[in-house]
1. Is it the case that some residue within the stretch 32-44 is touching a Lys or Arg at 6+ places or on another chain (Cβ under 7 Å) and of a type in the set (F, W, Y)?
2. Tell me which residues, restricted to the stretch 51-79, are part of a helix (DSSP H, G or I) and either more than 9 Å from the ligand (Cβ to nearest atom) or within 12 Å of A26 (Cα to Cα) (or both).
3. Return a yes/no flag: does the stretch 80-98 have any residue that is in contact with a strand residue (DSSP E or B) (Cβ under 6 Å, 6 or more places away or on another chain), within 16 Å of the ligand (Cβ to nearest atom), assigned to a helix (DSSP H, G or I) and of a type outside the set (D, E, K, R).
4. Checking D98 against (1) within 24 Å of F151 (Cβ to Cβ); (2) loosely packed, with under 14 Cβ neighbours inside 10 Å; (3) not polar (S, T, N, Q), only one condition comes out false. Which one?
5. Would you be able to say whether some residue in the stretch 164-180 is out of contact with any Ser or Thr (no Cβ under 7 Å at 6 or more places or on another chain), of a type in the set (D, E, K, R) and in a helix (DSSP H, G or I)?
6. Is at least one residue of the stretch 116-136 closer than 19 Å to A24 by Cβ, assigned to a loop (DSSP other than H, G, I, E, B), within 13 Å of the ligand (Cβ to nearest atom) and modelled with pLDDT of 95 or more?
7. L29 passes all but one of (1) within 14 Å of the ligand (Cβ to nearest atom); (2) out of contact with any Leu (no Cβ under 9 Å at 6 or more places or on another chain); (3) at pLDDT 95 or above; which number fails?
8. Determine, yes or no, whether E201 is free of Cβ contacts under 8 Å to residues at least 60 places away in the same chain, surrounded by fewer than 16 Cβ atoms within 10 Å (Cβ to Cβ) and within 19 Å of the chain's Cα centre (by Cα).
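The values are calculated or read from the model by the stated rules, or taken from the named source; none is laboratory data. All figures in this text were calculated on a predicted structure; none of them were measured in a lab. Positions of Cβ are generated from backbone atoms using ideal geometry, with glycine treated the same way; all protein chains shown enter the neighbour counts.
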Amino acid sequence: MLLQANEGSTSMMMKLYYTVGTCALAAHLALEEAGADYEAVRVDIRNGENLKPEFLAINPKGAVPVLVTERGVLTENPAILAYIAQRFPDKRLLPLDDPFDYAKALAFNSYLCSTIHPHHSHRLRGKRWAEDPAALTEMARMVPQNLTKCFSLIEAGLGAGPWVLGEQFSVCDAYLFTVANWLEGDAVDARQFPKVHTIRERVRMRPSLQHVLSIWRAVQPPAS
Ligand SMILES: N[C@@H](CCC(=O)N[C@@H](CS)C(=O)NCC(=O)O)C(=O)O
């Protein structure tokens, strides 16, 4: 079988398709923070499972995360995170009562998705944009400085905290944690962004993260 669910799953639950070590961590953390009933389904993009017909039938973009709901399929982290926050309003994962604050939070998540994630991808996924080896090398060379510029903007925009949106933990923290964890691999020292660094350390302590990591670390039965 191509896709393997973790234990205790039923076909009635929402399903999150994820790959270990990817941006799907944000959605996975959000589901845990929401206390949602969901089934986590592992997809190994490193083995090309995301390009197989079974997965492309679910998400023709061939990417994770994918959240399958009773209403249909959702893709794109900002949309999935907003959906989870709206579906579990009591958890206050976004400022749902204030249109301006809500839009600010969406802008934050959109920047991570549309700007920071692509900059990060220029290091290992440059072939999406160029074939010339010199161009690939040049794109990879630019990654640290581009990410430094982006994270300097994020750092400057953060308030007194302790979270991205202030007093309340939100899906923005889950997403920031996810992409800020890529910094060291991209040769950027996160400690030059003290507020980002502190949020990263605080998310690291949350039980939701520990639970997601225990799912991610679990050995999957061999595919049949
Ligand atoms: N904009 C999408 C990006 C999704 C995306 O690129 N996911 C990566 C993992 S971080 C992926 O599935 N890549 C598949 C591949 O590289 O073939 C989102 O934020 O949800």
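1. Scanning the stretch 32-44, I find at least one residue that is touching a Lys or Arg at 6+ places or on another chain (Cβ under 7 Å) and of a type in the set (F, W, Y), so the answer is yes.
2. P53, E54, F55, L56, N77, P78, A79
3. There is at least one residue in the stretch 80-98 that is in contact with a strand residue (DSSP E or B) (Cβ under 6 Å, 6 or more places away or on another chain), within 16 Å of the ligand (Cβ to nearest atom), assigned to a helix (DSSP H, G or I) and of a type outside the set (D, E, K, R).
4. For D98, the failing item is (1).
5. Within the stretch 164-180, one or more residues are out of contact with any Ser or Thr (no Cβ under 7 Å at 6 or more places or on another chain), of a type in the set (D, E, K, R) and in a helix (DSSP H, G or I).
6. For the stretch 116-136, residues closer than 19 Å to A24 by Cβ, assigned to a loop (DSSP other than H, G, I, E, B), within 13 Å of the ligand (Cβ to nearest atom) and modelled with pLDDT of 95 or more: absent.
7. The failed condition is (2).
8. Judged against the criteria, E201 is a match.
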